[in-house]
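Here's the structure, in structure tokens; my notes come after.
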Amino acid sequence: MSKHTGRYTRKSRNTYAPKAGLPPGSIVHVGDVKVDQTSFSLFDYDAENLREITFDSLETSRQHQRQNTLIWLAVHGVHEPAVMEEIGRRFKLHPLVLEDIANTQQRPKLDEYGDYFFVVLRAFRYNHEMRDASSDQISIVVGKDFVLSFQERASPLFDPIRNRLRKGSGSLRTAGPGAILHALIDAIVDQYFVVVEAMNQDIEDLEDNLIGGRSNHSIEDINHFKRETVEIRRAVWPLREVLGSVQRLPVTMLSHDTQLYFRDVYDHTVHVIEQLESMRDMISGLLDIYLSSVSNRLNAEVRMLTIVTTAFAPATLLTGFFGMNFHYLPWLERNDGWELVVALIVAAGLGLIIALFWRRWWIRLHT
């Protein structure tokens with residue numbers, strides 16, 4: 001369950017308690033269930049032909065007979081162990097791969113398993129109204145003639161790739177499974193730019209509001225953006241290592257031409273990390289601005305209280321003096337004694353106030 005903290009909802013942290021004590025390779029879903037039922041989309045294709053099929057259940061998928069050289073199977077929903085086991089049997093996946101797919105709290109990584117390799121990434125989306133960055137784990141298995149992608153829920157993130165396959169444009173159909181892997185990772189990294197730029201705009205707006213004194217939830221906003229930046233950074237930073245490992249894969253698994261394209265994705269990832277570091281510095285600066293504004297408001301209030309206290313100091317002194325229990329005091333027997341004391345109090349207070357303002361004016365004039 002998510003926890004509401006003021007204007008924002010703090011994301012729930014799923015624990016590994018269900019997996020405690022189970023042997024390695026046990027398929028236990030860890031994370032939020034984001035779809036009611038697992039669905040599948042299949043691209044069965046080669047350079048000349050393409051067949052696109054959508055399945056709603058395992059039963060309907062069993063009727064499909066492969067017709068072309070390559071396939072890309074996209075799975076939406078990873079919370080059903082029976083589905084994971086079925087896919088694992090068909091493509092001869094290691095139990096540890098299936099375990100990592102079902103555990104949606106994985107760190108981005110790349111693992112090699114003989115004739116195929118396994119990649120884990122995180123894809124982000126940003127809600128402008130809620131100022132919230134949410135993420136889904138995306139797991140990809142790449143073999144010699146197949147690509148399997150596992151998402152927690154369906155999204156339009158990979159729709160441009162599907163359109164390119166349908167149109168047969170470029171070398172996506174002919175370059176092998178590595179080209180699909182590059183297209184998927186490239187789409188995820190491009191989405192990072194969209195999310196980071198949107199967050200950066202909101203942070204700049206918050207900075208303007210802080211400087212103009214127009215924000216009523218400053219510290220809450222700052223902490224929220226700090227958490228969001230840390231979450232994105234935790235997902236993007238290991239991606240450099242993943243892309244470096246992809247470029248070192250043997251040519252039998254990834255062609256030399258495809259590796260060149262991954263260098264470009266690596267550069268984009270470094271650029272995203274630099275933007276995140278800049279955002280983190282900006283958020284630290286916002287906290288300094290907020291603390292400075294609070295300190296300035298406090299100083300202004302203390303200054304006003306000091307002026308009031310100083311103005312009434314003569315009144316306190318004189319009333320205390322004339323309130324002493326002596327029979328003979330100056331002006332005590334005079335009919336206008338009270339008026340003289342009040343006039344003295346007012347004159348002393350005004351004199352002190354004029355002296356304070358004159359001193360401030362003199363200091364400003366000579367600095």
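Read the figures in this text as sums done on the coordinates, not as results from a lab. Just so you know, these numbers come straight off a predicted model, no measurement behind them. Here the Cβ positions follow ideal geometry from the backbone for every residue, glycine too, while neighbour counts run over all protein chains shown.
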Electrostatic dipole magnitude of the chain [Cβ: Lys, Arg +1; Asp, Glu -1; Cα centre; debye, to 20]: 460
Unit charges at the beta carbon, dipole of the chain: most positive-side option, Ala187, Leu318, Val119: Leu318
Leading residue at positive end of dipole, the chain (Cβ point charges), from Trp237, Val341, Thr306: Val341
For segment 3-292 the mean separation of alpha carbon contacts under 8 Å (6+ apart) over residue count, i.e. relative contact order in percent, is 16
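For the chain, what is the calculated [θ] at 222 nm in deg cm²/dmol (nearest 500), taking -39500 (n - 2.57) for each run of four or more DSSP H residues and dividing by its residue count?
Rounded to the nearest 500, the figure is -18500 deg cm²/dmol.
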In sequence order, calculated HN-Hα J values of segment 149-164 (Karplus, 6.51, -1.76, 1.60; Hz; x Gly/Pro): 10, 10, 10, 5, 7, 6, 8, x, 4, 9, 4, x, 5, 4, 5, 5
May I ask you to derive the FRET efficiency for Gln37 and Glu204 from their Cβ-Cβ distance with R0 = 45 Å, giving the value to the nearest 0.05? 0.60
Please compute the length gained on full extension between Leu317 and Glu220, using 0.36 nm multiplied by the number of residues separating them and subtracting their Cα-Cα distance. 30.3 nm
Using only the alpha carbon atoms of the chain, find the Kirkwood hydrodynamic radius as the inverse mean reciprocal pair distance, in angstroms to one decimal. 25.8
How much length, in nm to one decimal, is gained on full extension between Leu291 and Glu112, taken as 0.36 nm per residue of separation minus their Cα-Cα distance? 59.5 nm
What's the Cα-based Rg to Rh of segment 45-184, Rh via Kirkwood? 0.96
